[in-house]
Amino acid sequence: MPFTPFHLGPGALFKGAGGDRFSFMVFGGAQVLMDIEPLVRILRHDGVLHGFTHTIAGALAVGAITGALGKPISEPILRFFGLLRHPIPWKVSFITAMIGTYSHIILDGIMHADMEPFWPLIAGNPLLGLVDVGLLHILCAICGIIGAIAVAVRWSARNDLER
């Protein structure tokens with residue numbers, strides 16, 4: 001299913017660990033852009049849902065686009081909601097985008113038989129079934145919970161310092 005919230009669990013963990021060196025907004029944008037191709041393929045009733053964007057080359061391309069769009073789209077939204085402390089550095093936008101796209105193909109590679117994540121280097125999907133899908137969902141949810149706690153601790157510590 002495109003646009004699964006489970007991909008956001010690891011993103012929350014990365015945000016909790018990375019703080020201002022990681023943009024959860026850019027990460028989320030990368031997840032959405034990665035799943036546009038499967039959505040279009042679902043609507044077209046294609047047999048293969050995860051094509052080029054779900055390969056190492058495709059993730060690089062989508063990551064580059066996300067990195068370029070992530071900063072100028074995310075900053076005004078975060079500013080509007082009063083969540084932007086300082087501008088997102090371009091480096092953070094691009095690194096976050098790449099983490100987003102590559103984590104996406106790893107997670108989807110474990111779940112979807114129609115993927116060839118390491119194309120053109122390796123045919124097939126060596127990630128398939130590496131972890132039970134139910135366990136993968138649980139692990140992603142745990143990452144989200146731990147990440148949310150870490151973000152809350154960082155937020156609280158920052159507010160204490162500003163007082």
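The values are calculated or read from the model by the stated rules, or taken from the named source; none is laboratory data. The structure displayed is predicted, hence computed values, not measured ones. Glycine also receives a Cβ, built like all others from the backbone with ideal geometry; neighbour counts cover every protein chain displayed.
Key figures for this structure:
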read-out	value
Answer from V92, V153, V131 - the residue that is over 16 Å from the mean Cα position of the chain (by Cα) and closer than 19 Å to F22 by Cβ	V153
The lone exception for R85 - which of (1) at pLDDT 95 or above; (2) out of contact with any Pro (no Cβ under 9 Å at 6 or more places or on another chain); (3) not small (G, A, S) it fails	(1)
Looking only at segment 100-153, and only at residues there that are among the polar types (S, T, N, Q) and in contact (Cβ under 8 Å) with a residue 24 or more places away in the chain, the one that is farthest from G58 (Cα to Cα)	S103
Residues that are buried (at least 18 other Cβ atoms within 10 Å of the Cβ) and either acidic (D, E) or part of a helix (DSSP H, G or I) (or both), drawn from segment 108-163	D108, G109, I110, M111, E116, C140, C143, G144, G147, A150
